Amino acid sequence: MRESRSFLDPAVLARLMALPLHARHAMLGSVSGKHRSPVRGSSLEFAQYRKYVPGDDTRRLDWRTWGRSDRFYIKEFEADTNLRLCLLLDTSGSMAFRPAPPMPTELSRLEFALRIAGSLAYLAAKQGDAVGLSSMSDTGTPVSIPARRGAGHLGLVLDQMSKLTPAGGTTLVESLHRVAETLRQRALVLIVSDFFVPTAELHHAIQHLRFRKHDIAAFHLLDRQELEFDFEKPARFVDLEGGESLLADPTLIARNYRAAVAEYLSALDSLVRNSGIDYHRVLLHEPYEPALAKFLLGRSPKKAGR
Amino acid sequence: MTFLEPIYLVGLPLAALPVVIHLVHLWRRKPIPWAAMMFLRIAQQRHRGLSQLRQILVLALRVLAVACVLLSIARPLAGGWLGLTGGAPDSVLVLLDRSASMEQHPTSLPTSKRQAALQKVSKTIRQSSGDRSKVILLDSASLHPLLLTQPEALLDVPHSGPTDTHSDLPALLQGALDYLASHPSGRTDLWVLSDLQKTDWDRSSGRWQNLRSAFAALPGVRFHLFALPQPPEDDLGIRLENVSRKTGGDRAELQFDLFLQRQSAPTSPQKIPLRFIINGVATTSNLTLKDSQTAVHAFSLPLDKSLLRGWGRVELPADSNPSNNTFHFVFEPPPPLRSVIVSEDPDATVPLQAALSSPPEPGREFPSTLLSPDRAHEIPWDDTALLVWNAPFPKPGTPLHHQFLDHVAAGRALLLLPPQTPEDSELFGLRWTRWEEAARPVSPDWWKNDSDLLANTRDGTALPVGTLEIQRFCGVSGAFIPLALLPGRLPLLLRPATEKNVFFLATHPNPGGSSLSRDGVVLFALLHRALAEGAQSLGQAQHRIASALPDSTTAPWKPVDGSTPLGTPSDQLALRAGILQSGSHLLALNRAPAEDLHEYLSPETLRELFAGLDARVLTDTLEDSRDLTSEIWRTFLFGMALALLAEAILCLPSSTRPQRQDSPTAGFATAPPSR
């Protein structure tokens, strides 16, 4: 087991604290928070007028409108609620992939994913949002922690994160469907994975989540070697997810390999465009802080704050 | 394709070594933990056809390379274009069997065995060594090595032409050995061209052991035994014996024994036309052949009585073996069959003189002279067909000793009887030891009845040799061929191993020695057969086996009957069957009787004769027009190099390195999908 919470870098967190985590869609939180709610509330931000119906609180009648139009209108304001951040971490064997030594970092894909997920969990918890965690692997007992608020719950989530180990085959698609079914309230679903699944299956799972009105964000973790396949000699490629190994001569199949990767990425881009998910492709040898900053900045509201 | 070292072919399974190594290496390759297997599988699937083909090609080339090495070690032999890559020896010695049987050819082909062998071998030498090797011809007729300017000369030189001689292959090999001893060379190829006729090879001769030992001691000598042991198709041969001119009353005739022999018995009686040509005048006579062979004794042809001497031949229709279709003969009035008896005990040899002077043929003279040893200088050597010598051997170096040797060398017969007191002297490698007295008369228990002096009569009746009684006989020591043996394998009648017309009779014919004079049949037959043997070289018209020219006359020999091809060199004249004339001498030359025997050595026997030597047997047929084989191990080494080169090219890394512009990571960080 890795050192507890070692994947959290206080310096990085300190710098990212200035960037709040916003939901791109209205959230149905249980408490007041920083995020828009689909229900009307008592915040300072005007939402709409609606006709008075008997039973409405007469204190919300807009007398000025009555004076101009001789009709009763109720003045409604936006409600602020909290965010449910649901972290979906791929813990299949492929997440154990570690870039070759020449790369500047030697983090495995899962370690990289933990840094991203852990940082976001911390940031969300600090701004009062609920944080949950689900692991996606067909080996062992999957971790499934519902989203809750509070420092104690954050500690539980972080501790569980530190215990995650990559093994087995991926259950990304199944896990997305399962989360879509079990997550009853709107949430920000953050997926951190290598997404090595057929894009058609992934498309259905994403659509399922979107149908449940969840805000979906994804960090796609890839290594440059996985994209370029730049090997010199024939080798035996051992499947990290436990499948059979393949003997291949990279000099012969590199072109086809790159073509397959390009087709896959193109299909994934199309999926992203059609489903409107917040997609971030990150290379493992790059530092994760810029990617997080870009993610947080990208979610900031376009108009001036309240 | 054949191999000189086929034992190495057991290593051929080693050719699968590259495949085994490949399979081992498959599982020893560096393992790389990999996550993006889905792309790898897609790429493999798309590339499977070409990749597998390339891998199979690489493995096949490696297997081919190893197989080529193994095959080259096994020293392959091949003909045609593949055989062009053999190495060139320093010398090529062509040992040519020029016997009469080598002139055999199928009726459909004009090429004889000799010509076919020469053509193929000259072509092979040309292809394998070009002009880089020294080519020497050694033929069985002359046994003189002849250096040739180019391989094609094998077909042109007179020393490779046809002959009607008999071959002595051990002597031919001895000639090659003598040449190699006097002309040391590097690698030498010995091509032996023969039809493997048994009588030519004399496989039971003691010379083979010596030849094998001598050749084994010579480094770099390889034998190529090119054999054409193809029996003739339906061959019919003719032979005459005892040709003589007979007169009776007012008529004269030519009388001879005629033998016809066919390779296979005819299914029905067959009429054979015999064409006789006497002094250029042809007559035809038919003879019915009922079996595979027919013998007609005392066949006669009428002659003009005024024709005292002449020449002629008998011819058969053409068949696959032209060498035995003709037999040449000469005739003249029979010379007197003179015999001379020299005895230290005239009384003991009176029966001999009585038998020798009794004429078995009417009208022919059989003068016999009895002389004492001190009158030996009176012997008429030129006219004597048989000399009976009952006295101590002449001392070596004396004129008489020389006259003995000349007498025998001229083909005359010599019968030696033991003197009363044997001396310690030798003649023709034999010597008398001492007299033995038998307690009671003994009779011969074995005698040679198929040929020689005691052979059965023409009708197959055996001579009564077994009824002879021998009381006193003299021992003989030395190397001899027995013709009759007493109990205990004691020789009674014998001849030296080296001379065929010298005979030793170990007893006396008088009553104190044996019953030869009393039972005169055996003595009469023995003496007259010896006399006939010596008479063959008597007179001016003689029959001989085609061989080296006789040098008894000073005038050159010339062909007279037109059967000898024009332009035949004088030293080759006597090697062909025909009629030669020198002054008043006529000579009828014919093939050796052994050439009519179609018995051939098997390749296995041939290998036994060359056991322990670097020899290969190439058995061919006249109909096979393909080239001979040669060693092609260099070709296989070249093939190995080619295979390795092709394998290296296939194993080169791909020249199309990935270009960054094509990489999926190009602009990766800055181009997230737009929403």
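Laboratory data are not the source of any read-out in this text; all were calculated from the coordinates shown. Remember, it's a predicted structure, so these values are computed and weren't measured experimentally. In this analysis, Cβ positions are derived from the backbone assuming ideal geometry, glycine residues included, and neighbour counts consider all displayed protein chains.
Which shape class, rounded, prolate or oblate, goes with region B:338-535 when its Cα gyration tensor gives a ≥ b ≥ c as root eigenvalues, a/c under 1.5 marks rounded, and past that a/b bigger than b/c marks prolate? Taking the square roots of the gyration eigenvalues as a ≥ b ≥ c, region B:338-535 is rounded.
Couplings 3J(HN,Hα) for region B:633-642, derived from phi with the Karplus relation 6.51 cos²θ - 1.76 cosθ + 1.60 (θ = phi - 60°), are 5, 5, 4, 5, 5, 5, x, 4, 4, 4 Hz, where x marks Gly and Pro. In chain B, helices alone account for a calculated mean residue ellipticity at 222 nm of -7500 deg cm²/dmol, with every DSSP H run of four or more residues adding -39,500 (n - 2.57).
With a cut-off of 17 Å on the backbone N, the residues of region B:101-121 near the modelled label site 7 Å out from B:Leu155 along Cα-Cβ are B:109-121.
With Cβ to Cβ distances under 14 Å as the rule, what net charge do the other residues near B:Glu647 carry (K, R +1; D, E -1)? That sum, taken over residues with Cβ under 14 Å, equals +2. Annotation: the residues A:Met161, B:Met38, A:Met17, A:Met95, sorted from fewest to most other C-beta atoms within 10 Å of their own C-beta, follow the order A:Met17, B:Met38, A:Met161, A:Met95.
For the protein assembly as shown, the square roots of the Cα gyration tensor eigenvalues, ordered a ≥ b ≥ c, give a/c of at least 1.5 with a/b greater than b/c, which places it in the prolate category. For the peptide A:189-199, the mean number of other protein chain Cβ atoms found within 10 angstrom of a residue's Cβ is 1. Distances between placed amide hydrogens fall under 5 Å for B:Glu436 paired with B:Phe473, B:Cys474, B:Gly475, all partners being 5 or more residues away or on another chain.
Among the listed pairs B:Lys120/B:Lys198; A:Lys163/A:Lys233; B:Lys448/B:Lys500; A:Lys126/A:Lys163; A:Lys126/A:Lys213; B:Lys113/B:Lys198, those whose Cα-Cα separation exceeds 26 Å are A:Lys163/A:Lys233.
When the Gaussian network model of chain A links Cα atoms closer than 10 Å, the mean-square fluctuations of A:Leu87, A:Leu21, A:Leu183 top out at A:Leu183. Taking chain B on its own, what percent of its Cα-Cα pair distances exceed 36 Å? In whole percent, the long-distance tail amounts to 57. A cut-off of 5 Å between modelled amide H atoms, ignoring neighbours fewer than 5 places along the same chain, links B:Ala592 with B:His166, B:Ala546. For region A:89-150, the gyration tensor built on C-alpha atoms gives an oblate shape. Its axis ratio a/c (a ≥ b ≥ c) is at least 1.5, and a/b is not larger than b/c. Of all the options A:Glu286, A:Glu106, A:Glu263, the one that moves most in a Gaussian network model of chain A with Cα springs shorter than 10 angstrom is A:Glu263. Could you list the trypsin sites (Lys or Arg not before Pro) in region B:371-450 that lie in coil according to DSSP, counting only those with at most 15 other Cβ atoms within 10 Å of their Cβ? Qualifying residues, ordered by number: none. Counting neighbouring Cβ atoms within 10 Å and putting the fewest first, the residues B:Lys271, A:Lys294 line up as B:Lys271, A:Lys294. Residues B:Ser602, B:Ser140, B:Ser582, ranked from the fewest to the most other C-beta atoms within 10 Å, line up as B:Ser602, B:Ser582, B:Ser140. Taking amide hydrogens as placed 1.01 Å from N in the peptide plane, the amide H of B:Arg431 sits under 5 Å from those of B:Ser477, each at least 5 positions away in sequence or on another chain. Other residues whose C-beta falls under 15 angstrom from the C-beta of B:Ile470 contribute a net charge of -1, scoring Lys and Arg +1 and Asp and Glu -1. With the simple spin-label model, which puts each label point 7 Å out from Cα in the Cβ direction, the B:Ile649 to A:Arg50 separation comes to 8.2 nm.
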